[in-house]
Amino acid sequence: MSGVEGEFCGNCDGHNCFDYPYRVFCSTRHAKNLDPIVDTLWRCESYNPVSQECYCVREALKAKNGGGEMQR
Ligand SMILES: [Zn+2]
């Protein structure tokens, strides 16, 4: 298993891709009547690891570290 660098909204099982890869839609927060649009690299107390690997965090980290440079 590769690509999981930590615990972020982007690899939580409540997230859905929204403004890929920078922001995600969190269905967990939506269910709590909280603002569901969060940073991919943020993490809330309801974090629950995603069962299916997703590219959101990987791409968000790449965009952040590369200063906005997209993949070649
Ligand atoms: Zn995703």
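Readers should treat all values here as calculations from the given coordinates under stated rules, not as data from a laboratory. Fair warning: this is a prediction, and the values are worked out from it, not measured in the lab. Reconstructed Cβ throughout: ideal geometry from the backbone, glycine too, with neighbour counts over all protein chains shown.
Which length gain, in nm to one decimal place, applies between residue 22 and residue 53 when the Cα-Cα distance is subtracted from 0.36 nm times their residue separation? If you can, show how the numbers build up before the last one.
Working: separation 31, 0.36 × 31 = 11.16 nm, distance 1.69 nm.
Gain on extension, residue 22 to residue 53, equals 9.5 nm.
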- Message: Along each principal axis of its Cα atoms, how long is the range 11-64 end to end? Whole angstroms, biggest number first, please.
- Response: 30, 21, 16
- Dipole axis of the range 9-65 (+1 Lys, Arg; -1 Asp, Glu on Cβ), positive-most option in 60, 37, 14: 60
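Multiply the residue gap between residue 32 and residue 46 by 0.36 nm, knock off their C-alpha separation, and tell me the result in nm, one decimal place.
Net length gain for the segment: 4.0 nm.
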